[in-house]
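Read the structure below first, then the notes.
No value in this document is a laboratory result; all are computed from the given coordinates. No experiment lies behind these values; they were computed from the predicted model shown. All Cβ positions, glycine included, derive from the backbone under ideal geometry; neighbour counts span all protein chains shown.
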Amino acid sequence: MHAIFLDRDGVICENRPDHVKSWAEFHFLPGVKDSLVVLSQLGLPIIVVTNQAVINRGIISAAVVEEIHQRMVAEITAHGGRIDRVIYCPHLPDEQCLCRKPEPGMLLQVAQEMNLDLTHSYLVGDAASDILAGQRAGCQTFLVLTGRGREQLALLPDKMEDCFMVAPDLMKVTQQIIKLEDNSRVVAGKELSGIA
Ligand SMILES: [Mg+2]
Ligand SMILES: [Zn+2]
């Protein structure tokens, strides 16, 4: 089984320069809830992976972050979409943990727990650190131009452009993933008929 990993801020909700500190400050980006309805229909696990150093900076508690995530998932579910799991890193950059993106630790942990094939999984982010984490985990990666995507694209080395796809927003990524999944199913079907 492979999966779809989504960053949170800048992919699902609006980035705030002073961080999302409460549910009142959480605003879905346009079209995201509809995208998640479509994405859910692929039947792949959808997992949110997010750096939340605001916790260890003492700006908000882990309980508040988890409440925001519960409400986010509830609203997506009420809209007809699905998020199967949310995992966050509470650490500061200088704590040198293995989970804070660009480290791939969160992806590796979920993959182990859910028995996922990372090399056929997808990761969507709006930052270079997302792309790097996804690549280190072996995923197919997408940079969206929502959130910090546009400024982050300029930070990524040119050479890397072959290694990730760029899309305006989550809906466009969703359409790309559907195409990739269709192609792989066609290929799998051909292989099957070849054997028969
Ligand atoms: Mg982000
Ligand atoms: Zn961490």
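Does the stretch 1-71 come out rounded, prolate or oblate, given a ≥ b ≥ c as the square roots of the eigenvalues of its C-alpha gyration tensor, rounded meaning a/c under 1.5 and, failing that, prolate meaning a/b above b/c? Judged from the Cα gyration tensor, the stretch 1-71 comes out prolate (a/c at least 1.5, a/b above b/c). Spatially close Lys pairs in the chain, defined by Cα atoms under 27 Å apart and a spacing of eight or more places or different chains, total 10. Rounded to two decimals, the Cα-based Rg/Rh of the stretch 18-58, with Kirkwood Rh, is 1.08. Fully extending the segment from residue 96 to residue 21, taken as 0.36 nm per residue of separation minus the present Cα-Cα distance, adds 24.7 nm. Distance from the alpha carbon centroid of the stretch 1-34 to that of the stretch 69-84 works out to 12 angstrom. Along its principal axes, the stretch 122-173 has C-alpha extents of 23, 21, 16 angstrom, given from the largest down.
Here residue 150 and residue 66 are evaluated by their C-beta separation; at R0 = 30 Å the FRET efficiency comes out at 0.50.
Solvent-free Debye calculation, one equal scatterer per alpha-carbon of the stretch 4-195: log10 I(q)/I(0) at 0.13, 0.16 Å⁻¹ equals -0.66, -1.02.
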